[in-house]
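Let me begin by presenting the structure, written as C-alpha cells, before commenting on it.
Every number in this text was worked out from the coordinates using simple rules, so none of it is lab data. Predicted, not measured: the structure shown is a model, and the values here were computed from it.
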Amino acid sequence: MVDGSPMPEVNQLVTVRDLSGKELPTRIEDLTGSVLVVPRPVDGESGIGLRPEGLTVMWPADRGVMSLPVKLNERRSDNNLDMWELSITGPASRQQRRAFVRVPVSAGVALAFVAERPIDPNPDVADISGWLVDLSEAAACVSVPTVRYEDLKPHAKLQATFTIGEDSFDLPARVSDSAPVREVEDRTELVVHFEIPESEAARLRRMLFAQQVRLRDLNGR
C-alpha cells in the first residue's frame, strides 16, 4: 500500500487510461514505493503523443474496479522489453460495482477451480455448476447449490465459463470476500469478480448492451 491505499499486485492485469478515455491493457511488472513499472501496452506505440499527466491505472477489485492516478515518468528498455515507469500521484479509489451496468441474465455457468501457480497441484475439489443471476463487465452474481458454497473460499481463483446467445466466455475470476448476496432455499447467491483485459471487458459490454436492447423490446419499451 501507499499511504494506506490498496495497490495492484505484481503480474496483475491492469488498464492504463488517458484523459481522452483511451484504454491500454498491460500488467504490473514491478511496484516499488510510489512507482509502478508496466510493459508498454501493445497498442501504446512508444508513448509518443501520450500526455504523461492525468493517466489512471485500473484493475478489478471486490465490488468494482480500483482506480489509481499516475504520471508517465520514463520510457525505457529492460532486456529488450519496452517499459513504462509510472509514478503514483494520488490515492487509489474504488468504483463501486453499481457503477457498471448490471443486466439480469439466465444462463448456466461452470466454475472451475484454478491452481495459484503452475507448480501447484490441481485443487482436489470438483467444479461447480451454477446459474448466472446478473452480469456486468466487472463481475457476476452467481447462484450455486448451498452445499457447494463452502468450497468457494474468499479470493479463490476460478475459471468461469458460460454462453449467452451466440457469445461464449471463458474468464478468469476470483470469489468476492463479501458475504453471500442472498440465500434462497437450497441455493446461495454470491459475487465473483472477473480479472480480464479490456478487450474481454469490451466484448462483455457489447453482449450486455445487446441483452439490454432485447429485454427492452420484450418489455415493450
Setting aside same-chain residues fewer than 8 positions from residue 22, which lysines have a Cα under 17 Å from its Cα?
71
Between residue 55 and residues 5 or more places away or on another chain, which pairs have amide H atoms under 5 Å apart, with H built 1.01 Å from N, and which residues are they?
70, 72
